[in-house]
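The values are calculated or read from the model by the stated rules, or taken from the named source; none is laboratory data. From a predicted model like this one, the values you see are computed outputs, not experimental measurements. Here the Cβ positions follow ideal geometry from the backbone for every residue, glycine too, while neighbour counts run over all protein chains shown.
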Amino acid sequence: MQEIDNIELTYLSLSDYKELKRAMIESYDKVEDNYWEKHEIKKLLSLFPEGQVVIKVNGQLAGCALALIVKSGKAQKRHTYKQITGDYTFNTHDPEGDMLYGVDLFIKPEFRGLRLGRRLYDYRKELCERMNLIGIAFGGRIPNYHKYSEELTPRQYIEKVRKKEIDDPVLNFQINNDFHVSKILKGYLEGDQDSKEYAVLLEWDNIYYEEETDRASTVKKVVRLGLIQWQMRPYKDLDDLMQQAEYFVDAVSDYRSDFALFPEFFNAPLMAENNHLSESDAIRELATHTEEIVNRFSRLAVSYNINIITGSMPEMKKDRLFNVGYLCRRDGSVERYEKLHVTPDESKIWGMEGGKELQTFETDCGKIGILICYDVEFPELGRLLADEEMDILFVPFLTDTQNGYSRVRHCAQARAIENECYVAIAGSVGNLPNVHNMDIQFAQSMVFTPCDFAFPTNGIKAEATPNTEMILIADVDVNDLRELHEFGSVNNLKDRRTDVYQLDKK
């Protein structure tokens, strides 16, 4: 091969036609009627010029990619090449369609092995994203099938190619470029004897596709988290405590945070006035403040334009004591979440019960999940939330020892890796010597990520100083999660062996 001085990807021009025709003939020497006529290329350029590109090596045409836009419903059902191209007229091109359809893509034989095809596919993917199309589809030839057609069905052949028992350079190339087999197309390309006129419908999904909506609002992709590492200290009354809470909401809001996360039992200092009561009675007295605290947080969420996760508080419900929190959205709506697994101490000393509701929450920053402290140590909960397409898991916690903190911290980081999501944890620091059953608190608030190339190598996006009152601000990009789900070095969500084990939510 000649020495390469320049590789250029550029739009196809009609002036390239003579060279294009020669390249098609060389590339498809075993296929009948293996090139497009000049008037056909001219029409295609007039319909959709940005969909037609060539790649040139040292100024010589080395490959080409041609495409149309069609409705996804048409592309995804069984069809022939003749049908999808409108009897080779390209009249099926629909500017209002939602899917890019690959009409042709080839590399001249002498230029194969340079990964030029990948450059053409990358262009198509970028075009698809730029035009906000749902994905790419095309009929892929299986040119080695004729060698096995007497012993294998097309489906069996494809399965053996997947298992690397049969080498099919074309199909392997498509799969390696992130395309997945959707269905088998019979009689797809007339005269393709090598494939016995079979093809496989290959698809690539645009993970950035957004459906059109009549609403003015959009879901944010880069989300700013504000974590409050709360200092336990005496407060005169509820007004005094909420003044401090508003101070933190104001602070994270000034940094344009989308969420403010408070710790578990951040309102415990208010129990000091009930030290004359038993521990179980004191926590029930604390529960009388919960409704008012939630109402005040909801007003703060609206006035400071921020979604507030209230940590957790005790709440009485039909004479039963629960550990609950609230999501106060900046649009004024409020939703409740429960701690499902209470600790032995919460059960024994306070008589607290575990809740029964587990759910994700829709926000203007995507779907989130919330698990209170001990709950994050049960991997099933995070997985169920991930199955509901959670992007960010928030964990308000309260731990009195470094041992307890380490359990929460390491389990939270595991949830980020195994569920391919972000996890934010926020806890309290300091001590409450005048409150029974509330000893010294240990905390280091953090934001965890999966461990792959788009994320920090140690899976830690941001971390607070241990045992110091402060706020922690961190940006997380939801698009990085979308890429991870599809193209990660490993695919924890996809590769679960559901044929061996399953997790069901009752």
| Within the stretch 456-506, considering residues that are assigned to a loop (DSSP other than H, G, I, E, B) and under 13 Å from the mean Cα position of the chain (by Cα), the one surrounded by the most Cβ atoms within 10 Å (Cβ to Cβ) | 488
| field | Where a residue in the stretch 162-187 is at positive phi and its partner, wherever it lies, is among the acidic types (Asp, Glu) and at pLDDT 85 or above, with Cβ under 9 Å and at least six apart | value | 178/205; 178/486; 187/197
| Which of the residues spanning the stretch 268-325 are of a type in the set (A, V, I, L, M) and over 21 Å from residue 368 (Cβ atoms)? | 268, 270, 271, 272, 277, 282, 283, 286, 287, 316, 321
| field | Answer from 435, 429, 408 - the residue that is among the β-branched types (Val, Ile, Thr), part of a helix (DSSP H, G or I) and out of contact with any Leu (no Cβ under 6 Å at 6 or more places or on another chain) | value | 408
| Positions within the stretch 149-193 being at pLDDT below 90, of a type outside the set (D, E, K, R) and within 29 Å of the chain's Cα centre (by Cα), in sequence order | 171, 172, 173, 174, 175, 176, 177
| field | the stretch 340-382, residues that are touching a residue at least 60 places away in the same chain (Cβ under 8 Å) and assigned to a loop (DSSP other than H, G, I, E, B) | value | 351, 358, 365, 372
| residue 118 passes all but one of (1) in contact (Cβ under 8 Å) with a residue 24 or more places away in the chain; (2) part of a loop (DSSP other than H, G, I, E, B); (3) out of contact with any strand residue (DSSP E or B) (no Cβ under 8 Å at 6 or more places or on another chain); which number fails? | (2)
| message | Just to check your reading of the model, which residue among 53, 70, 103 is assigned by TED's automatic domain parsing to the domain that holds residue 18, closer than 23 Å to residue 13 by Cα, at pLDDT 95 or above and in contact with a Cys (Cβ under 8 Å, 6 or more places away or on another chain)? | response | 53
| Quick one: would you say residue 400 is acidic (Asp, Glu), in a helix (DSSP H, G or I), assigned by TED's automatic domain parsing to the domain that holds residue 328 and over 26 Å from residue 477 (Cβ atoms)? | no
| request: Could you grab the pairs with beta carbons closer than 8 Å, sequence gap of 6+ or different chains, first residue in the stretch 441-457 and closer than 18 Å to residue 394 by Cβ, second one aromatic (Phe, Trp, Tyr)? | output: 443/397; 443/405; 444/405; 447/422; 448/422; 449/422; 449/455
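Yes/no matrix, rows are residues, columns are (1) over 30 Å from the mean Cα position of the chain (by Cα); (2) surrounded by 14 or more Cβ atoms within 10 Å (Cβ to Cβ); (3) not basic (Lys, Arg):
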residue	(1), (2), (3)
236	yes, no, no
253	no, yes, yes
265	yes, yes, yes
273	yes, yes, yes
305	no, no, yes
308	no, yes, yes
